[in-house]
Ligand code: NAX
């Protein structure tokens, strides 16, 4: 029997990530090739015409899985009965703007959209925040949508995770699908800590540790980390636009694995509500290694953390503590 359609909301759908993301969702990349979807797309009034253009293209693409499109600038209409929410819309940092000003704009957007989700979305909806500052936007959303279970509010660090896999695959000249279990700890910002201490590569004789195969700690502890942390800026320099196709693809990976599960023996990175694991203060949205099964994520426990990692994990946690207090000061 055909499955019921799942309603997927994309906010900021007229933007460049939105434009790359909605066809992926409509093609089944996010929820599987047998899962019909109804797309809800939200943007702000100045982008209404462009949003309607995206809707026209979705119709023109005649996606068999796409059972309906709601394109709107009305937050209530956008949020009604949605099961999956990908929040890409937000206020970008413009030249000359202070961090606090950008935070203040986004805090008010996320506060308002949280209230609409709280009232109108499906009670068990799963939320992924992409828009920056992604971790702190997700935290604000969590605080203003108290009836959505806290485990259902996450942020995107899968792009950073995939970037780390890509760098290892390039360095070792192995297929990226044979590299696994890197970790992104912390904030989706330049303080994030890409960690390969538990990562492996599948080679003909079995699984081998990335550290052993690379055999260059100086590169792994230096240039590799910086390349992953700064990859977003490198893309902007090259493309004169920020990452879009890789961000959209990572958003699909994040929801796909959350809903359909991670492969046995593999974990992924997700920004989730911290429960104090690994000594990270509870009450932050922090990126951890997680496995997913039955629509639930769980933080991978008991990984050995060395001194180098500890310092980097704490530094990115400290930045999130600062962002949290900045966000709270914007609310007062
Ligand atoms: P664009 O500026 O192309 O698109 C953003 C869209 O959001 C625009 O269409 C805008 O009209 C809309 N918007 C603004 N306020 C809104 C509101 N209140 N409600 C609904 N829509 C609203 O940016 P794009 O390149 O698509 O990037 C979107 C966000 O993703 C940015 O915040 C960006 O920093 C963030 N990113 C996050 C990444 C991550 O890994 N977490 C990586 C990629 C990306 O940089």
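A short reminder: the numbers here are calculations on the coordinates, not readings from a lab. Everything quoted here is computed from the prediction, not taken from an experiment. Using ideal geometry, Cβ is built from the backbone for each residue, glycine included, and neighbour counts are taken over all protein chains shown.
Brief remarks follow.
- The antiparallel fraction among DSSP beta bridges confined to the chain stands at about 50%.
- With the convex hull constructed from alpha-carbon coordinates only, region 136-225 shows a mean projected area of 6.8 nm² over all directions.
- Global geometry of the chain, whether rounded, prolate or oblate, following the gyration tensor of its Cα atoms and the 1.5 cut on a/c: prolate
- Residues 298, 249, 147, arranged from fewest to most other Cβ atoms within 10 angstrom of their Cβ, appear as 147, 298, 249.
- Gyration tensor verdict on region 209-330 (Cα atoms; rounded if a/c is under 1.5, prolate if a/b is larger than b/c, oblate otherwise): rounded
- To the nearest ten degrees, helix 245-260 and the longest principal axis of the Cα atoms of the chain are 90 degrees apart.
- Among 205, 72, the order by Cβ neighbours within 10 angstrom, fewest to most, reads 205, 72.
- As a rough footprinting exposure proxy, the listed residues 204, 269 were ranked by other beta carbons within 10 Å of their own, and the order from fewest upward is 204, 269.
- Region 147-189-region 84-116 distance, computed between alpha-carbon centres (Å): 23
- Short-range pairs are left out: with C-alpha atoms under 8 Å and at least six residues apart, the relative contact order of the chain is 17 percent.
- Region 6-155: C-alpha gyration tensor shape, a/c 1.5 cut-off, then a/b vs b/c: oblate
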